[in-house]
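Participant: Once you've had a glance at the structure underneath, I'll fire off some questions.
The values are calculated or read from the model by the stated rules, or taken from the named source; none is laboratory data. Bear in mind that the values here come from a model prediction, so they are computed numbers and not experimental data. Note that each Cβ is placed from the backbone with ideal geometry, even for glycine, and that neighbours are counted across all protein chains shown. Calculation scope for accessible area: heavy atoms of the full protein, side chains included, ligands and nucleic acids excluded. Shrake-Rupley method; radii C 1.70, N 1.55, O 1.52, S 1.80 Å.
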Amino acid sequence: MTVRPTRTSVLIVGGGLVGLSAGLFLQRLGVPFILVEKNRNVSLLPRARGIHLRTMELFRQIGVEEAVEAAAAAAWQQGSFGGARRGRTLVDAEPIVDVSTMRVKMAAAGASPSSFGACPQTLIEPVLRQQLEARGGDVRFGHELVSFVESGDAVVAAVRGPDGRETIIEATWLIGADGGRSFVRRQLGVGRVETPAPQHLLNIFFHADLAEAVAGRTFSQCEIANERVRGLFLAMNNTDKWSFHLEYEPSQGLPADSELPDLVRAAIGLDDVDIDIPSRGAWSTGVSIAERYRVGRAFLCGDAAHLMPPWGGFNATTGIADAHNLAWKLAAALRGEATTALLDSYETERRPVAVRNGSQALLRTDFDARFGIETQTNREVFPALLDAGALLLRHRYRVADGASAEESPEWVAHLQAQTGTRFPHAWIRRDNQRMSTLDLFGDSYVLLAGPNASVQPSSRASLNPATPAVYVAGKDFEFVDSEDDWRTLTDLSDDGVVTVRPDGFVLCRSTG
Ligand SMILES: Cc1cc2nc3c(=O)[nH]c(=O)nc-3n(C[C@H](O)[C@H](O)[C@H](O)COP(=O)(O)OP(=O)(O)OC[C@H]3O[C@@H](n4cnc5c(N)ncnc54)[C@H](O)[C@@H]3O)c2cc1C
């Protein structure tokens, strides 16, 4: 008996942070999709914890911000997230930067309706999965993509289920969000531009009751160097869940599993503490960027497209923004409202961002530089360091100005609806509701107009710039805060207009 293939618009491969986010972005736009994830459950190995406010803005748009905030609030069982320490061992480590200094820096990123989040990835992924499933998403954990081929107007993919049987899924588009070792990328024959890794680390996720040892001295990162071990503690709940990232020499291979508890004890500085290690995984701090982000009907997103060290917390944020950039373009293509150039712009916009963010992460290899502390040995990197706000919130797609895609994206000091930048946030009132300007975006192109602009209200809004939703300041919405008005927000006169893409980035603006 022949089993008929299942047909869908988008096949998402990978149920990590980026694949799950891609599903939620597509779902919001009403795009049918199937998500396949080879593991039966979300990852147990903690990695990312810092969630940049741009990611929280994207979570806000898909209605999961509050659920992620709730998971974050429950994550830290004592103290708070933030601050850095250094020492021979965890118990004798001294602070090098405190939480409040880090918070001030984060707050300077730019005005936003959202705030930085700090939540282990292992707690965010279940939230995203649960939301996706609760909204009826076709999410198939325990299903592995084993082959695919482009045929006519579809990608024909073979997926192996938990019972070992293969099914065929035909999708109009494929998103490879399948992580650093991306099967999709390798099958497409896409190479990577690699920068060698300065460090090789083994992420040892362990349970140990260190609540007393760190009481009043909690931290985000704690660098350890003694005669036995070098590495980095990353806090997961400030009490009994931790990751120790043990530095190792690749030529000597990884230590045996049986040695790991003792090595962790040597890093903690306590001989008699019980160590339970549920998972571990080796990784390195090189940068590697896929040479192409698109081949035909297949796109690469997240770690499948770019790997970079976690210093600065850029990678998942960059990956989730990739998925956001791609989702509306695919929706437009599926509705017949996109040009080929629009789909190509995914790579020309997102790849230079990854190249730049990767090199910025590398500049933070030095522990002090990572926290903005200038020393004799790291002085030379400071002139090139850009703050996270410039990289993740205030970047400017140069392609919008017709520049070459190979050129590094620019950034602006202050968002004012410049072409290619994210439209600035201000609190507004519309239909008796307090909302952010950012809440106007997501469903279609939007034409925002000054109070004296001569524009017609729209009868139909779409993912085509020719038919935007139209909102006139002072008529369709009011500014809530007295210091905000059309001119300060956009640097345009009262008859100016700004066209904003569905992802909240400015497509064009009137001059003057
Ligand atoms: C120590 C550490 C700390 C970090 N801290 C931060 C931070 O603070 N902030 C930040 O932004 N980033 C951070 N990162 C980076 C962040 O963890 C990654 O960028 C992020 O997890 C990438 O998500 P992803 O969904 O692209 O890939 P992954 O999380 O790797 O998910 C890919 C998924 O695809 C699945 N898959 C693979 N092949 C197939 C197949 N053939 N079929 C079906 N499924 C498949 C895998 O099982 C996996 O679940 C950190 C990374 C590390 C190592």
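Participant: Mind giving me the nanometre distance, one decimal, between the label points for VAL455 and GLU150, set 7 Å out from Cα along Cα→Cβ?
Facilitator: Label-label distance for VAL455 and GLU150, simple model: 3.7 nm.
Participant: Quick one: which residues, 5+ away or cross-chain, put their amide H under 5 Å from the amide H of VAL97? H built at 1.01 Å from N.
Facilitator: ALA84
Participant: Continuing with this model, one more query. Among the chymotrypsin sites (Phe, Trp or Tyr not before Pro) in segment 447-507, which ones are in a DSSP loop with at most 16 other Cβ atoms within 10 Å of the Cβ? Mind listing them?
Facilitator: Working: sites: TYR471, PHE477, PHE479, TRP486, PHE505; in loops: none.
Taking segment 447-507 and a limit of 16 other Cβ atoms within 10 Å, no loop chymotrypsin sites (Phe, Trp or Tyr not before Pro) are found.
Participant: In µm²/s, what is D for segment 150-295 at 37 °C and 0.692 mPa s, where D = kT/(6 pi eta Rh) by Stokes-Einstein and Rh is the Kirkwood radius from Cα pairs?
Facilitator: Taking Rh from Cα pairs, D becomes 177 µm²/s.
Participant: Rounded to the nearest percent, how much of the accessible area of the chain (1.4 Å probe, protein heavy atoms only) is carbon and sulfur?
Facilitator: On the way: 10390 of 21560 Å².
Of the solvent-accessible surface of the chain, carbon and sulfur hold 48 percent.
Participant: Expressed as a fraction of 2.2 N^0.38 Å, the rule-of-thumb size for a compact globular protein of N residues, what is the C-alpha radius of gyration of the chain? Don't skip to the end; give the middle numbers.
Facilitator: Numbers: Rg = 23.5 Å, N = 512, 2.2 N^0.38 = 23.5 Å.
Cα Rg divided by the expected 2.2 N^0.38 Å: 1.00.
Participant: If you don't mind, another one. Which shape class, rounded, prolate or oblate, goes with segment 77-226 when its Cα gyration tensor gives a ≥ b ≥ c as root eigenvalues, a/c under 1.5 marks rounded, and past that a/b bigger than b/c marks prolate?
Facilitator: Numbers: a/c = 2.24, a/b = 2.04, b/c = 1.10.
Because a/c hits 1.5 or more and a/b exceeds b/c, segment 77-226 counts as prolate.
Participant: Kindly rank 10-21, 87-98, 252-263, 196-207 from highest to lowest mean number of other beta carbons found within 10 Å of each residue.
Facilitator: 10-21, 196-207, 87-98, 252-263
Participant: What does the extension gain come out to for ARG430 and GLU291, with contour length at 0.36 nm per residue minus their alpha carbon separation? Let's see the in-between values first.
Facilitator: On the way: separation 139, 0.36 × 139 = 50.04 nm, distance 4.42 nm.
Stretched out fully, the ARG430 to GLU291 stretch lengthens by 45.6 nm.
Participant: Right, here's the next one. Subtract the Cα-Cα distance of GLU194 and ARG88 from 0.36 nm times their separation in residues, and report this length gain in nm to one decimal.
Facilitator: So the chain would gain 34.9 nm between GLU194 and ARG88.
Participant: Would you mind getting the Kirkwood hydrodynamic radius of segment 427-511 from its Cα pairs, rounded to one decimal in Å? Mind dumping the intermediate values first?
Facilitator: Working: mean 1/r = 0.0781 Å⁻¹.
By the Kirkwood definition, the hydrodynamic radius is 12.8 Å.
Participant: Here's something else I'd like to know. If you average the sequence gap of Cα pairs under 8 Å that are 6 or more apart and divide by the length of segment 427-511, what percent do you get for the contact order? Kindly include the intermediate steps, with their values, before the conclusion.
Facilitator: Numbers: 169 pairs, mean separation 29.2, N = 85.
Taking the mean separation of contacting Cα pairs over the length of segment 427-511, I get 34 percent.
Participant: Name the GluC sites (Glu not before Pro) in segment 143-244 that are in a loop by DSSP and that have at most 13 other C-beta atoms within 10 Å, would you?
Facilitator: Details: sites: GLU144, GLU150, GLU166, GLU170, GLU194, GLU212, GLU223, GLU227; in loops: GLU227.
When the GluC sites (Glu not before Pro) of segment 143-244 are filtered for loop state and at most 13 Cβ neighbours within 10 Å, GLU227 remain.
Participant: Just to be sure I understand the model, the point goes 7 Å from the Cα along the line to the Cβ. What's the resulting VAL412 to SER359 distance in nm?
Facilitator: 2.3
Participant: Put +1 on the Cβ of each Lys and Arg and -1 on the Cβ of each Asp and Glu in segment 46-143; which of ALA74, PRO46, SER115 then has its Cα farthest toward the positive end of the dipole?
Facilitator: Sorting the options by dipole projection puts first PRO46.
Participant: Moving on to the next point. Using a 1.4 Å probe, what is the accessible area per residue for the chain, in Å²? Present the calculation step by step, with values, prior to reporting the outcome.
Facilitator: Details: 21560 Å² over 512 residues.
Ligands and nucleic acids excluded, the result is 42 Å² per residue.
Participant: Calculate, for SER482 and ALA73, the FRET efficiency according to 1/(1 + (r/R0)^6) with r their C-beta to C-beta distance and R0 30 Å; round to the nearest 0.05.
Facilitator: Values: r = 32 Å, r/R0 = 1.05.
According to the calculation, E is roughly 0.40.
Participant: List the residues, sorted by chain then number, that are 5 or more residues from ARG192 or on another chain and whose placed amide H is less than 5 Å from its amide H.
Facilitator: GLU291
Participant: Another question, if that's okay. Give me the percent of DSSP beta bridges within the chain that run antiparallel, rounded to the nearest 5. Each step should come with its number before you reach the end.
Facilitator: Values: 66 of 93 bridges.
Here the antiparallel bridges make up roughly 70 percent for the chain.
Participant: Can you compute the charge dipole magnitude of the chain about its Cα centre, using +1 on each Lys and Arg Cβ and -1 on each Asp and Glu Cβ, nothing else charged? Give it in debye, rounded to the nearest 20. Walk me through the numbers before you get to the answer.
Facilitator: Values: 52 positive and 62 negative charges, 221 e Å.
About 1060 debye.
Participant: Right, another one. Suppose the chain between ALA134 and ALA466 were pulled fully straight at 0.36 nm per residue; how much longer would it get relative to their current alpha carbon spacing? Spell out each step's value before the answer.
Facilitator: Working: separation 332, 0.36 × 332 = 119.52 nm, distance 3.46 nm.
Computed gain between ALA134 and ALA466 is 116.1 nm.
Participant: Per the helix-only calculation at 222 nm, which mean residue ellipticity applies to the chain, given -39500 (n - 2.57) for every DSSP H run of n ≥ 4 and division by its residues, nearest 500 deg cm²/dmol? Don't jump to the answer; show the numbers that get you there.
Facilitator: Working: 13 runs with 132 residues, N = 512.
Helices in the chain give a 222 nm mean residue ellipticity of -7500 deg cm²/dmol.
Participant: Over the Cα atoms of segment 406-453, how large are the radius of gyration and the largest Cα-Cα distance (Dmax), in Å?
Facilitator: When restricted to the Cα atoms of segment 406-453, Rg and Dmax are 13.4, 45 Å.
Participant: Which net charge results when you count Lys and Arg as +1 and Asp and Glu as -1 among the other residues whose beta-carbon is under 11 Å from that of LEU188?
Facilitator: Working: positive: ARG185, ARG186, ARG292, ARG294, ARG297; negative: GLU150, GLU291.
For residues surrounding LEU188, the net value is +3.
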